[in-house]
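Single-structure report; data block below.
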C-alpha cells in the first residue's frame with residue numbers, strides 16, 4: 001500500500017514512519033503547515049524534517065509557500081475552533097495530493113501527538129476521505145509517544161515547544177499575571 005503521510009515535524013514522524021513501514025506500507029511524506037509561526041520556526045522545522053527524511057530514505061513533497069496571512073484570515077474570530085480548522089486545512093490538502101498522485105490512502109503525524117485532539121483528527125480525516133474520495137488510514141500513533149521522543153533526543157533533533165500557530169505559542173509561553181505587566 002502506498003500511503004501519503006502528512007508531516008508536522010521530524011520528531012513526530014519517527015514512530016509513525018517506522019510503524020507504517022513495518023506494516024508493509026510504501027510511505028511518502030508531505031510537509032504542508034501554513035499554521036507555523038514565526039517564519040524562522042517554519043524553516044527550522046522544515047530543515048530538521050528534510051535532514052531526517054534524507055537519513056531515513058523518506059521521499060518528501062514540501063509545500064514551501066508561507067501563506068501565514070491567509071491562515072490568520074481564516075482563523076481570526078474563530079480562535080476557539082482553530083485546531084479543528086487547522087487539522088481540516090492540512091488533511092484536506094493531504095487527501096487531495098494523495099488522490100492526485102495515485103496513493104492508496106493518506107494519514108498524518110497529527111495522530112502521534114498526545115497534545116492534539118485525537119478524536120477530532122480522526123473524524124476530520126474520515127470526512128476528508130469521503131469528500132476527496134481516497135481512504136484515510138487511521139492509526140493511534142500515540143502508543144509510540146515515548147519511543148519517538150527518546151529517539152528524537154538521541155538523534156539530536158530540534159524539538160519545538162509548541163504546536164505551531166501563534167495562538168499555540170501564546171498558550172505555551174504566556175501566563176497571565178506572571179511577570180507580564182509593564183514596569184514603571
Just wondering, is there one or more residues in region 31-47 that are within 25 Å of residue 169 (Cβ to Cβ), outside any helix (DSSP H, G or I) and in contact with a strand residue (DSSP E or B) (Cβ under 7 Å, 6 or more places away or on another chain)? yes
Filtering region 69-84 down to residues that are buried (at least 17 other Cβ atoms within 10 Å of the Cβ) and either modelled with pLDDT of 90 or more or closer than 17 Å to residue 42 by Cα (or both) yields 71
In the list 87, 158, 115, which residue meets the criterion of being within 20 Å of residue 41 (Cα to Cα) and out of contact with any helix residue (DSSP H, G or I) (no Cβ under 8 Å at 6 or more places or on another chain)? 115
Given the conditions (1) part of a helix (DSSP H, G or I); (2) within 28 Å of residue 133 (Cα to Cα), report the number of the one that residue 69 does not fulfil. (2)
Going through region 74-103 one residue at a time, which ones are under 19 Å from residue 163 (Cβ atoms) and without any contact (Cβ under 8 Å) to a residue 12 or more places away in the chain? 76, 78, 80, 81, 85
Could you tell me which of the residues 129, 139, 93 is at pLDDT 95 or above, over 15 Å from residue 35 (Cα atoms), in a helix (DSSP H, G or I) and in contact with a strand residue (DSSP E or B) (Cβ under 9 Å, 6 or more places away or on another chain)? 129
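Test residue 88 against the stated conditions and say whether it is at positive phi and surrounded by fewer than 20 Cβ atoms within 10 Å (Cβ to Cβ).
Taking the combined requirement at face value, the residue does not satisfy it.
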Take region 36-60 and flag every residue that is closer than 19 Å to residue 97 by Cα and surrounded by fewer than 14 Cβ atoms within 10 Å (Cβ to Cβ). 59
Restricting attention to region 130-142, which residues are in contact (Cβ under 8 Å) with a residue 40 or more places away in the chain and within 17 Å of residue 110 (Cα to Cα)? 136, 137, 139, 141
Kindly indicate whether any position in region 46-65 is under 12 Å from the mean Cα position of the chain (by Cα) and farther than 15 Å from residue 108 by Cβ. yes
Would you please name the residue that is modelled with the lowest pLDDT, looking only at residues in region 146-173 that are surrounded by fewer than 18 Cβ atoms within 10 Å (Cβ to Cβ) and in a loop (DSSP other than H, G, I, E, B)? 162
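The values are calculated or read from the model by the stated rules, or taken from the named source; none is laboratory data. Nothing here was measured: the structure is a model prediction, and the numbers come from that model. Because the Cβ atoms are built from the backbone with ideal geometry, glycine has one as well, and the counts that use them run over all protein chains shown.
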